[in-house]
Amino acid sequence: MKIVIEFYRIRETDEAHAVIGQETVDAADLDDAIEIARRLSKGLNMPQRPDAMSISDRDGNELYVHKFDCAGES
């Protein structure tokens, strides 16, 4: 399945999201998509450390959301 992985920062004052990285990839299933996203979170060249990530299908339906801890680890 084709999925979109977005990494973003979250502004504390109003919970606004700013996307700092986005990749479209093929994954066998949601578990595979999560593993790909975790690898990308460590290897993707982003201007800042993301606060969270989301995984959506090609129609924009959100399938998974994960907030990283303070150190940016998954």
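Every read-out reported here was derived from the displayed coordinates using simple, explicitly stated rules and does not represent laboratory data. All of these numbers come straight from a predicted model, not from anything done at the bench. We place every Cβ from the backbone using ideal geometry, glycine too, and count neighbours over all the protein chains shown.
Summary table below
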{"read-out": "Criterion: part of a loop (DSSP other than H, G, I, E, B) and surrounded by 12 or more Cβ atoms within 10 Å (Cβ to Cβ) - qualifying residue of 38, 49, 9", "value": "49"}
{"read-out": "Boolean, residue 32 is surrounded by fewer than 10 Cβ atoms within 10 Å (Cβ to Cβ) and either part of a strand (DSSP E or B) or of a type outside the set (Ser, Thr, Tyr) (or both)", "value": "no"}
{"read-out": "Test: residue 25 is exposed (fewer than 14 other Cβ atoms within 10 Å of the Cβ), free of Cβ contacts under 8 Å to residues at least 24 places away in the same chain and among the β-branched types (Val, Ile, Thr)", "value": "no"}
